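Worksheet: the structure to be examined is printed underneath.
The values are calculated or read from the model by the stated rules, or taken from the named source; none is laboratory data. Note that this is a predicted model, so its numbers are computed, not measured. Cβ placement follows ideal geometry from the backbone for every residue including glycine, while neighbour counts extend to all protein chains displayed.
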Amino acid sequence: MDGTVYAVIDANARKPGRHYFGLSARYVEWELLRQGATLTNTPTDADVILATVVSPQEYTCVPSALKANGIAPLAANRLRQTVVLGGYGMYSPRIFDPYIDYGCVGEGRRFIKALVRDGVAGLPHLPNCYIPGDAREVTPDYEFPYDCPPTLGEDGIVHVYASRGCRKACLFCQTGWCQPYSEHDPDTVSQTYAGLVRAGHRVNVVTNDAPALAAFGGIPKTEAFSASYSQLREIMRDGVGPLVGRVKSVRIGVESPSARLRKCIGKPIPTDKLYTLTCDLLNAGIGVRWFLIAGLPGETDTDWEELYDVVRRARHDIKKGALQLSFTAFVPDPAAPLCIAPLTDDYYDRYQAFWKWFFESDGYTRKIQLFKCSAPPGRLKKAMASMAATEPELRRGWLDHDPPNWCIRYHHRDKIRQTYLAYAQSAGV
């Protein structure tokens with residue numbers, strides 16, 4: 001060991017200190033100790049700062065967290081502390097250039113092992129090491145350390161790692177495009193999960209689609225899970241019984257208000273069948289939240305008509321609870337094909353018309369709960385951060401230009417532009 005002292009910072013934490021660490025920061029701390037590194041809980045005493053960040057859209061949390069922990073800005077810090085950034089946000093690294101010396105793209109075990117073994121000087125030799133201002137291509141590390149222990153989150157829930165990535169590769173979503181899908185050994189997941197439940201813990205699996213897991217049959221109970229429509233339909237082919245008592249609430253990525261656009265993005269979900277399945281869940285006492293995107297490229301007024309109809313029907317068909325409709329405005333992510341589309345703001349007129357119809361006209365019912373999406377100014381800031389681009393670049397689109405974050409060799413990067421062109425034709429962009 002060379003005497004280097006390390007400190008871990010969670011840039012997304014509500015307050016400084018390890019009590020507020022999220023899952024990534026807790027893993028980094030555990031891995032450093034596993035590799036024999038010397039850690040301090042006082043970042044100002046460290047030689048190397050390892051920070052984690054969830055999303056480029058929240059990039060300002062990085063300089064804020066460094067400042068809150070007493071770490072000087074990069075320009076004044078060159079001769080003292082080295083700042084290394086990791087976490088899912090590093091799949092879109094360019095926006096973080098002013099604040100870091102190095103970045104870890106993808107999983108961190110080999111990166112941390114090399115850092116502790118060889119020091120900072122060895123980082124530029126790693127394929128997944130991102131260096132601000134460097135033009136070289138960076139290849140993410142996809143080898144997730146499934147042997148790491150379950151992690152107790154700040155919310156008091158123990159998280160068991162079950163999978164990484166997503167099988168679906170929907171065209172708006174970075175998760176299925178930036179990395180391959182992998183899954184932990186189902187027997188290990190089931191045994192770990194069951195043991196934690198028997199010990200009295202609240203437990204969730206870390207996955208993008210819980211019912212799709214090979215281990216799902218061995219998971220006795222969960223607080224909530226995200227699920228694909230296809231997997232829910234398979235589980236509920238004989239009714240809602242298999243989920244009663246096991247699940248409190250279900251989150252479904254519905255995405256577009258219309259079946260037409262869902263088919264175009266790779267989620268061919270019929271609105272009628274989804275609605276019937278949702279009513280079955282709610283009436284059995286299981287909460288349901290639909291996640292909807294306003295403003296997918298090619299969206300028109302007609303695409304919203306199906307959602308109006310869902311609200312009209314809900315007041316008669318939902319007997320227990322309320323369907324939650326959670327809206328987000330479309331934000332391009334550089335690994336997903338829909339990032340290529342020129343950014344427009346017409347989505348907000350359609351969204352506001354729906355909102356006003358619900359609250360100010362005859363649409364209101366207690367069987368539906370609405371959650372707002374971002375207005376164009378806020379959405380633009382998120383898009384600029386995600387793409388590390390200017391407004392004129394976003395309005396122009398990326399048919400003839402490579403986005404700045406394409407310095408990352410995403411898992412499906414060679415298919416991004418051609419896949420968008422096929423979408424544009426089918427969606428009428």
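Go through the residues of the range 311-332 one by one and say whether even a single one is touching a Ser or Thr at 6+ places or on another chain (Cβ under 9 Å) and within 29 Å of N128 (Cα to Cα).
Within the range 311-332, one or more residues are touching a Ser or Thr at 6+ places or on another chain (Cβ under 9 Å) and within 29 Å of N128 (Cα to Cα).
Consider V254 against the criteria (1) part of a strand (DSSP E or B); (2) closer than 24 Å to C148 by Cβ; (3) among the hydrophobic types (A, V, I, L, M, F, W, C): it satisfies all of them except one. Which criterion is unmet?
Here V254 meets the rest and fails (2).
Quick check: anything in the range 83-94 of a type in the set (V, I, T) and surrounded by fewer than 17 Cβ atoms within 10 Å (Cβ to Cβ)?
No; the residues of the range 83-94 include none that is of a type in the set (V, I, T) and surrounded by fewer than 17 Cβ atoms within 10 Å (Cβ to Cβ).
Mind listing whichever residues of the range 114-150 are outside any loop (DSSP other than H, G, I, E, B) and surrounded by 16 or more Cβ atoms within 10 Å (Cβ to Cβ)?
A114, L115, V116, L123, C129, Y130, V138, D141, listed by residue number.
Working carefully through the options K382, K372, K356, find the one that is of a type in the set (D, E, K, R), surrounded by fewer than 19 Cβ atoms within 10 Å (Cβ to Cβ) and in contact (Cβ under 8 Å) with a residue 24 or more places away in the chain.
So the residue among K382, K372, K356 that is of a type in the set (D, E, K, R), surrounded by fewer than 19 Cβ atoms within 10 Å (Cβ to Cβ) and in contact (Cβ under 8 Å) with a residue 24 or more places away in the chain is K372.
Under 7 Å between Cβ atoms, at least 6 apart or on separate chains: pull out the pairs that start in the range 35-62 with a residue that is on the phi < 0 side of the Ramachandran plot and end on any residue that is of a type in the set (D, E, K, R).
Q35/K113; L39/E29; N41/R18; T52/D10; Q57/K382
If you check every pair at least six apart or on different chains, which have Cβ atoms under 8 Å apart with a residue in the range 132-159 that is over 21 Å from I112 (Cβ atoms) first and a residue that is surrounded by fewer than 16 Cβ atoms within 10 Å (Cβ to Cβ) and among the hydroxyl-bearing types (S, T, Y) second?
E154/Y20
Can you pull out the residues in the range 64-97 that are more than 22 Å from A135 (Cα to Cα) and not in a loop (DSSP other than H, G, I, E, B)?
Listed by number, the residues that qualify are S64, A65, L66, K67, A68, A76.
Could you list, in sequence order, the residues of the range 98-113 that are in contact with a strand residue (DSSP E or B) (Cβ under 9 Å, 6 or more places away or on another chain) and part of a helix (DSSP H, G or I)?
Answer for the range 98-113, where residues must be in contact with a strand residue (DSSP E or B) (Cβ under 9 Å, 6 or more places away or on another chain) and part of a helix (DSSP H, G or I): Y99, R109, R110, F111, I112.
Kindly establish whether A194 is among the aliphatic types (A, V, I, L, M), free of Cβ contacts under 8 Å to residues at least 24 places away in the same chain and either in contact with a Pro (Cβ under 9 Å, 6 or more places away or on another chain) or surrounded by fewer than 16 Cβ atoms within 10 Å (Cβ to Cβ) (or both).
Spelling it out, it is not the case that A194 is among the aliphatic types (A, V, I, L, M), free of Cβ contacts under 8 Å to residues at least 24 places away in the same chain and either in contact with a Pro (Cβ under 9 Å, 6 or more places away or on another chain) or surrounded by fewer than 16 Cβ atoms within 10 Å (Cβ to Cβ) (or both).
For the condition out of contact with any Leu (no Cβ under 8 Å at 6 or more places or on another chain), at pLDDT 90 or above and buried (at least 22 other Cβ atoms within 10 Å of the Cβ), what is the one hit in G285, G253?
When all the criteria are applied, what remains is G253.
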